[in-house]
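**Student:** Attaching a single structure in structure tokens format; questions to follow.
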Amino acid sequence: MFFARTGKMVSIVVVLSLAVFGCAMNAVQKEIIATKKAPEAIGPYSQAVKFGNWLFLAGQIAIDPKTNQLMKDASIEDQTRLVLNNLKAVLEENGMTMDNALSTTVFLKDLNDFAKMNAVYAEFFKSAPPARATVEVARLPRDVKVEIAMIAGK
């Protein structure tokens, strides 16, 4: 079946490549990443999951990891700064920096806060910022103003 008159070599290369890739992916193990420098998970989830060279970071909200206190009534700027610092701490636990961020998803309680959130966000991503989606949501955990999730890679 792989020995058709035309494309014989291409078919063999594709099949071998897929077999090697499949074996490589089977050898990769999921690893849980956690740090005390970011808020502990408050439910059945992990701060981050490493899979190969990828790091999938759970959404962070404005909880101060030093005091475990929620900054619910803080400004959108202060909440955004704390959320991004929490994400940064999880990245650092895995030997990464904000430069490793590939994609973020920003959840805002009020899209009218976008400009203020964006100004703080820009402080953390000065060059080559990650791809981003921003959406307004009806409600966020613990009624915070912003939550940000991230995907990073090496």
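**Student:** Out of ALA89, ALA131, ALA149, which single residue is among the aliphatic types (A, V, I, L, M) and out of contact with any Leu (no Cβ under 8 Å at 6 or more places or on another chain)?
**Tutor:** When all the criteria are applied, what remains is ALA89.
**Student:** Given the criteria surrounded by 16 or more Cβ atoms within 10 Å (Cβ to Cβ), more than 20 Å from PHE114 (Cα to Cα) and out of contact with any Lys or Arg (no Cβ under 9 Å at 6 or more places or on another chain), does LEU84 qualify?
**Tutor:** For LEU84, the condition - surrounded by 16 or more Cβ atoms within 10 Å (Cβ to Cβ), more than 20 Å from PHE114 (Cα to Cα) and out of contact with any Lys or Arg (no Cβ under 9 Å at 6 or more places or on another chain) - is not met.
**Student:** Residues that are in contact (Cβ under 8 Å) with a residue 40 or more places away in the chain: find the strands (runs of 3 or more DSSP E) completely inside the stretch 68-153 holding 2 or more of those.
**Tutor:** Once the strands (runs of 3 or more DSSP E) in the stretch 68-153 are filtered for at least 2 residues that are in contact (Cβ under 8 Å) with a residue 40 or more places away in the chain, what remains is 101-108, 146-153.
**Student:** Which members of the stretch 27-48 meet the condition of being assigned to a strand (DSSP E or B) and over 15 Å from LEU102 (Cα atoms)?
**Tutor:** Residues satisfying the conditions are LYS30, GLU31, ILE32, ILE33.
**Student:** Let me ask something additional. Considering every residue within the stretch 83-91, establish whether at least one is out of contact with any Pro (no Cβ under 9 Å at 6 or more places or on another chain) and under 16 Å from ARG142 (Cα atoms).
**Tutor:** yes
**Student:** Taking only the stretch 38-76 into account, find how many residues are surrounded by fewer than 17 Cβ atoms within 10 Å (Cβ to Cβ), in contact with a helix residue (DSSP H, G or I) (Cβ under 7 Å, 6 or more places away or on another chain) and closer than 16 Å to PHE107 by Cβ.
**Tutor:** The total comes to 1.
**Student:** Could you check, for the stretch 68-76, whether at least one of its residues is at pLDDT 95 or above, in contact with a strand residue (DSSP E or B) (Cβ under 6 Å, 6 or more places away or on another chain) and hydroxyl-bearing (Ser, Thr, Tyr)?
**Tutor:** No, every residue in the stretch 68-76 fails to be at pLDDT 95 or above, in contact with a strand residue (DSSP E or B) (Cβ under 6 Å, 6 or more places away or on another chain) and hydroxyl-bearing (Ser, Thr, Tyr).
**Student:** Test each condition in (1) over 23 Å from LYS72 (Cα atoms); (2) within 12 Å of the chain's Cα centre (by Cα) for VAL106 and report the one that comes out false.
**Tutor:** Result: VAL106 passes all but (1).
**Student:** Does ALA58 satisfy the condition of being closer than 23 Å to VAL146 by Cβ, in a loop (DSSP other than H, G, I, E, B) and among the small types (Gly, Ala, Ser)?
**Tutor:** Details: closer than 23 Å to VAL146 by Cβ: yes; in a loop (DSSP other than H, G, I, E, B): no; among the small types (Gly, Ala, Ser): yes.
No; evaluated as a whole, the condition is false for this residue.
**Student:** Regarding the stretch 134-145, can at least one residue be identified that is within 28 Å of ASN53 (Cβ to Cβ) and exposed (fewer than 15 other Cβ atoms within 10 Å of the Cβ)?
**Tutor:** yes
The values are calculated or read from the model by the stated rules, or taken from the named source; none is laboratory data. Quick caveat, the model's predicted, so the values are computed rather than measured. Positions of Cβ are backbone-derived with ideal geometry, glycine not excepted, and every protein chain shown enters the neighbour counts.
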